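See structure below.
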Amino acid sequence: MAQLTGTDERLLSVAARDAAVLYSPLGGSFPEGETVRMTSSMPSPFGGGSIQSTMSISTRATEPAGAAMELQVDEEIDRAALAEVTGELLQPMIQAAGRPEAAEEMRKALASMTLRRATTYRVQLSSSWAQHVHWQQTTEVTGRQRVDSLEFKRTR
């Protein structure tokens, strides 16, 4: 952990993200070459609580002897659940706004929002820690896109 958070920049980076990204989704059954889909939840981009999402996990062997594998975890937020949360969030703003057209523009922008996360784990099956983790979150709103990306590599 000291190597991971050896500088203030790294510490802030980890503190600003969900540290659970470092743990591969072990404990589930992920057959090689098949995609497992399930419902999940991700933290709300607006803080407080979580929003339902759909998760897809696929695997592939990266070494012929089966000693290592790569897990690809793709998650997309449920648009209906997001619309419900943004509706609750906007209601007080709409009531307080002196310009209903501005509130409507904000409602349309948030209704168009998509949020996707993709995490790739490279795992040595003999180890409980991933050798490499690449996490990426993509947020799109009315044609604008923001991509946040983190990468962790095991040094020992």
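The values are calculated or read from the model by the stated rules, or taken from the named source; none is laboratory data. Note that this is a predicted model, so its numbers are computed, not measured. In this analysis, Cβ positions are derived from the backbone assuming ideal geometry, glycine residues included, and neighbour counts consider all displayed protein chains. Quick note on the areas: whole protein, heavy atoms, side chains included, nothing else; ligands and nucleic acids left out. Shrake-Rupley method; radii C 1.70, N 1.55, O 1.52, S 1.80 Å.
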Original post:
Quick one: in region 108-156, which of the residues that are farther than 20 Å from Glu76 by Cα and not in a strand (DSSP E or B) is most open to solvent (accessible area, probe 1.4 Å)?
Top reply: Arg156
**OP:** Give region 55-90 a look and list any residue that's open to solvent by less than 20 Å² (accessible area, probe 1.4 Å), β-branched (Val, Ile, Thr) and under 21 Å from Leu125 (Cβ atoms), or say none.
**Re:** Ile57, Thr59, Val73
Subject >> Residue in region 94-114 that is at pLDDT 75 or above and under 19 Å from Phe152 (Cα atoms) present >> reply: no
